Amino acid sequence: MKNHVITITRQFGSMGRPIGKLVAEELGFKYFDRDILEKTAEKMDVSFHSLLALDNRGVSGYHRMAFPLGIGDGATQDKMFKIQSELIKQYAGTENCVIIGRCADYILREFENVLSAHIYAPYVRRIENSVAELGFTAAESKVVVDEIDRARARYYKHYTRRDFNTTCFRDLLIDSSVLGTKETAHMIADIARKKFGI
């Protein structure tokens, strides 16, 4: 029996990461995000440890999210992307899983049994979520949301040659503000059950 994969790209503040965790829990799938992928890659490839050491110098908190592949030069970032891409393909070939971000929708575009969702929300709601979840003021949240939106757009465009909000490589585009975090996760899980026949 083939395994099943759900990829989730998301606008910052749309609650995409917690939604992805809930989807994985509901379906009993493994869950992979940037932190988990980096830790695993670091164990697999000694050179990746050096890349992360460079990547994380002077970068903390939300600023880390503003640098999807770190602060190194283009060659360093390309190597990090290559390692993570290979890891994503490995997981997709062996695990029932939910993968957050990392251009996984693009990386797995030719794989079978993949459901790709893009989660977004109105700008005002994303600001509100950032205030509630991260403890920022409204003014700080606007700066954070704008900065990370630009970073994710650059990252996605560079490696996929597509706009971050493209409909390519994606099966679902969902406004998480309509149903909220839990119900959005349940809806994605329900669609996955129907698509995968599970």
List the number of the failed condition for residue 180; all other conditions in (1) surrounded by fewer than 14 Cβ atoms within 10 Å (Cβ to Cβ); (2) modelled with pLDDT under 90 hold. (2)
Of the conditions (1) within 18 Å of residue 17 (Cβ to Cβ); (2) within 18 Å of the chain's Cα centre (by Cα); (3) open to solvent by 40 Å² or more (accessible area, probe 1.4 Å); (4) not aromatic (Phe, Trp, Tyr), residue 192 satisfies every one except a single condition; which number is it? (3)
Would you mind telling me which numbered condition in (1) at pLDDT 90 or above; (2) over 22 Å from residue 32 (Cα atoms); (3) assigned to a loop (DSSP other than H, G, I, E, B) residue 110 fails? (2)
Which one is farthest from residue 161 (Cα to Cα), of the residues in segment 86-140 that are of a type in the set (Ser, Thr, Tyr), touching a Gly at 6+ places or on another chain (Cβ under 9 Å) and open to solvent by 70 Å² or more (accessible area, probe 1.4 Å)? 123
Kindly establish whether residue 99 is part of a helix (DSSP H, G or I) and within 17 Å of the chain's Cα centre (by Cα). no
Would you check which residues across segment 154-173 are crowded, with 17+ Cβ neighbours inside 10 Å and in a helix (DSSP H, G or I) and list them? 155, 156, 159, 160
Answer yes or no: is there a residue in segment 139-149 that is touching a residue at least 40 places away in the same chain (Cβ under 8 Å), touching a helix residue (DSSP H, G or I) at 6+ places or on another chain (Cβ under 8 Å), closer than 19 Å to residue 19 by Cβ and not in a helix (DSSP H, G or I). no
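The values are calculated or read from the model by the stated rules, or taken from the named source; none is laboratory data. Computed from a predicted model, the values in this text were never measured in an experiment. Neighbour counts are summed over all protein chains in view; Cβ atoms, including those assigned to glycine, are modelled from backbone coordinates with ideal geometry. Note: areas computed on protein heavy atoms with side chains; ligands, DNA, RNA excluded. Shrake-Rupley method; radii C 1.70, N 1.55, O 1.52, S 1.80 Å.
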